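What follows is a single structure, written as structure tokens, with notes after it.
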Amino acid sequence: MRVSLDGRDLATYPFLKESQQLAGNIADSLPVFLEGVTGKRAASSAADRVIEAVTKPLATDPPLPSSEALSVKIEIASYAIARILVSCAKDRQMIDRLAKYEANRAYRALINEEPEKRVFLYQALGMDITAGGLSVVQYIPLAAHLPEDRWRLVNRTVDRGIVAVSSGEKDELLREQIRVLVRSHLPLPVPERICQLLAAEQGRIQAAVSERMLEEYGVVETGAYPPCISAILQALADGRNLTHSGRFSVTAFLNNIGMDPAQIIRMYGRSPDFDEERTSYQVGHISGRGGTEYTAPSCAWMKTNSLCIRPDRTCDKVQHPLTYYKVKKRRLSSGRPVSHADDFPATGSHDHKESDQGDQVPDSRSDDRRKGDEKYDKRKHADQSGDDIKDPGFHDGTKV
Ligand code: SF4
């Protein structure tokens, strides 16, 4: 099908081959372009794109791009530079959010397009819908990351290898296809010189991300720490050595909720092997001083590494210690009394081996609380002597 694309189309769908050809011309002389007036405008617009992706992903429909030649050029360059910016940041979460943002942005425009242009977009992005649906081979990888049950193959009508999808669902699958396309090849191998040219915009993005984290997590509320983090911190306060996994998870967690690195370093002060210089280096590394900021590991990772210690009822509702913290903090600041039951260990909903936890760090709670827990926790700890939190292996380098 022949559809002619105008400048506005190219700017609206900057990931299309036709748009990328224009971006390719810019990339040939990127340092020169970035130092010029148009390049600076494009870099600023790219940073706005990333900031929006990270802080308020498409609260409203994006304005339609202008069809004026210079604006088209800036818009397409802005898309390409946004990919460069997140690559320089080496931040996996930022990359994922940008991909999602770009897909949503295009989706909002495409659902209002003429049918011919939509068909063109399906074809241009490799989705064969000529059979009225999508082949199973194409459908499965696209639906794999869509969370709702309606996308599971068992819930679809499949006829001779074709999965039936409604017109609206085709658009949703196209959005997913765009997300995958934008996400592919990221992070790009960007030369350091280019990242340096974009340092000011990177700083602007980092400031916006920090501000958002402050809004999201606010001031540090120690009473909202999840049990695993409290247990690790208690082990530190008791002057016990932590394993690599324990250090990594607690440092990343405290950094993610906005604790000052100097304060985190102070927490290690009672470690038997405390070395300020080395601790400062490690904390700085996890906090992003080396260019990559790490996100605290998920509950699944904590369980695998025997660091999910004494989960309570709130743990049943979360899959990440940071989510636990947000939920508990919200509850504390609402003035709603925290249910006593919330703090008792959950019974049986966690898939860790019970003997893997609790033994490894002392129970720091008051005698009354501990007795209360014992009613629920009949475990006999086989080994009370181990000082270290067990580390069954290296962490998998969880980066964002
Ligand atoms: S379930 Fe998650 S938040 Fe709760 S103790 Fe385990 S790792 Fe921590």
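Bear in mind these aren't lab numbers, they're just calculated from the coordinates by the rules spelled out. Model, not experiment: these values are computed from the prediction. Using ideal geometry, Cβ is built from the backbone for each residue, glycine included, and neighbour counts are taken over all protein chains shown.
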If amide H atoms are built 1.01 Å from N in the plane of the peptide, which residues on other chains or at least 5 residues away come under 5 Å of the amide H of V163? L134, S135, V136
Cα-projected label distance for T323 with H244, points at 7 Å along beta-carbon direction, nm: 2.8 nm
Translational D in µm²/s for the stretch 168-212 (Stokes-Einstein at 25 °C, 0.890 mPa s, Kirkwood Rh from C-alpha pairs): 186 µm²/s
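Using per-residue counts of other Cβ atoms within 10 Å, averaged over each peptide, order 200-211, 67-78 from highest down.
Numbers: 200-211: 16.5, 67-78: 18.8.
Going from most to least packed, we get 67-78, 200-211.
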Given labels modelled 7 Å from the Cα in the Cβ direction, how far is it in nm from N155 to A207? 4.4 nm
Counting only C-alpha contacts under 8 Å and six or more residues apart, can you give the relative contact order of the stretch 7-207 as a whole percent? 28 percent
For the stretch 155-208 and the stretch 127-148, what is the centre-to-centre distance using only Cα atoms, to the nearest Å? 16 Å
Rounded, prolate or oblate (a/c below 1.5 giving rounded, otherwise prolate when a/b exceeds b/c) for the stretch 7-207 by Cα gyration tensor: prolate
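Sequence gap of 8 or more, or different chains, plus Cα separation below 16 Å: how many lysine pairs satisfy both in the stretch 7-207?
Values: K17/K73; K17/K117; K40/K73; K56/K100; K117/K170.
Count of close lysine pairs: 5.
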